[in-house]
Amino acid sequence: MEAGVVQVGAPVLRNKAEDVPPETIPSAEFQALLAKMIDTMRKAPGVGLAAPQIGVPMRVLVLEDREELMASLSPLEKQERERVVVPVRVFINPTLTPIGEEKVTFFEGCLSVAGYAGLVERWREVEVSGLDEKGQPVTWRVKGWPARILQHEVDHTNGTLYIDRMLTRSFGTLPQVKARFGGKPIVDVRKELGL
Ligand code: ZN
């Protein structure tokens, strides 16, 4: 299922990735990398991917969220997570700034830690700046689930995985997490885990 996604333990997931020289962005080679990343993300399927996850140590991320990927969430879960459809976006050499003080905690998984999930506290709102797929400067201020995806993917470009940030006692396999906590409000999840 995660064919082509580098799994935890590989050094490329733990090293700091390199900035992309902006003049290389229009090249066929770099555009092919972007196409491969988007294709890999969709096939997995996932809502985001960073270049190190396909073995390329560059500071590039893609994200996209689709209705079909939210199908297993209840209306409450969708609302709590502020999960919304996001058309595909590319950020090259991203920098991320938290907006405000508010943090939110939800289960999160990673295509490079296949089969597991854990609770991770993230900023509710962030601003990301970088270059888009054409090499043009782009800034996006966003809250909710897309903000979480951005924080997760920018972490990847710095060699950080969600397991470094998670509330370790919440860690579990996806089937166990789903069976135990699926459909429950996050306040109940925290109570049950003693968090
Ligand atoms: Zn990941």
### Task
Work out the charge dipole of the chain with +1 on the Cβ of Lys and Arg and -1 on the Cβ of Asp and Glu about the Cα centre, then indicate which of Val189, Phe106, Met166 is farthest towards its positive end.
Val189
#### Entry: Among Phe30, Phe171, Phe107: highest mean-square fluctuation, GNM of the chain, C-alpha pairs under 10 Å
Phe30
#### Entry: Heavy-atom accessible area per residue - the chain, 1.4 Å, Å²
49
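Where does the charge balance sit around Val20 when Lys and Arg score +1, Asp and Glu -1, over other residues with C-beta under 15 Å from its C-beta?
Details: positive: Lys16, Lys36, Arg59, Lys134; negative: Glu18, Asp19, Glu23, Glu29, Asp132, Glu133, Glu153.
Once positives and negatives cancel, what remains is -3.
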### Message
Give me P(r) over region 21-98, computed from all C-alpha to C-alpha distances, binned every 10 Å, as integer percentages.
### Response
16, 44, 29, 10, 1
### Task
Could you estimate the translational diffusion coefficient of region 98-195 from the Stokes-Einstein equation, with Rh from the Kirkwood formula over C-alpha pairs, at 20 °C and 1.002 mPa s, in whole µm²/s?
147
### Message
If the reach is capped at under 24 angstrom between alpha carbons, list the lysines near Lys103, excluding any in the same chain fewer than eight residues apart.
### Response
Lys78, Lys143, Lys178, Lys184, Lys191
### Summary
Under the 7 Å Cα-to-Cβ spin-label approximation, Leu76 and Gln31 lie apart by a distance in nanometres of 4.8
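When all alpha-carbon pairs of the chain are counted, what percent fall beyond 21 Å? Display every interim value, and only then the final one.
Details: 9456 of 18915 pairs.
Result: 50 percent of Cα pairs exceed 21 Å.
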## Note on the structure
Hydrodynamic calc, region 149-195: Kirkwood Rh from Cα pairs, then Stokes-Einstein at 10 °C with viscosity 1.306 mPa s, so D in µm² s⁻¹ is 131
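Taking a quarter of the surface of the convex hull around the Cα atoms of region 57-120, what do you get in nm²? Walk me through the intermediate numbers first.
On the way: hull surface 23.4 nm².
Orientation-averaged projected area of the Cα hull: 5.9 nm².
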### Task
With label points built 7 Å along Cα→Cβ from the Cα atoms of Lys16 and Val84, find their separation and express it in nm.
3.4
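The values are calculated or read from the model by the stated rules, or taken from the named source; none is laboratory data. No experiment lies behind these values; they were computed from the predicted model shown. For neighbour counting, all protein chains shown are included, and Cβ atoms are generated from backbone atoms with ideal geometry for every residue, glycine included. Surface areas here come from the heavy atoms of the whole protein model, side chains and all, with no ligands, DNA or RNA. Shrake-Rupley method; radii C 1.70, N 1.55, O 1.52, S 1.80 Å.
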